[in-house]
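Take a look at the structure below.
Just so it is clear, none of the values below were taken in a lab; they were calculated from the coordinates. What you are looking at is a predicted structure, and each value in this text was computed from that prediction instead of being measured.
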């Protein structure tokens, strides 16, 4: 019962904001950005796993705004799907790096040609 109550409280403390904006420079193109804010005070640092064409790369950014991460180079229009793995699920597949969970991002295959060579070289 305590676990259920804790999960309920944490769920209420998180809010998801989604907003759309239209770019003036690109007519008829709509960009959707999703921002997730959690008000619980625990610092989480999930492992980001990016997959495309059977290749994988991963990163665990030190800052929330990806200042030092190659993840900022990934364009939202390249994303085919995303999946969030809780720590227990992530630990099985990715080991201790996934102790704070995993954000799995699958990119569209045609995105490969649009990436910089430097970004392509990060994939194995």
State the extension gain, in nm to one decimal, for the chain segment bounded by residue 88 and residue 53, taking 0.36 nm per residue of separation less the distance between their alpha-carbons.
-> 10.0 nm
Contour minus Cα-Cα distance for residue 103 and residue 122 (0.36 nm per residue) | 5.1 nm
Cα centroid of the range 96-124 to Cα centroid of the range 69-94, whole Å | 8
Extended-chain gain in nm, criterion 0.36 nm per residue less alpha-carbon gap, residue 69 and residue 45 = 7.3 nm
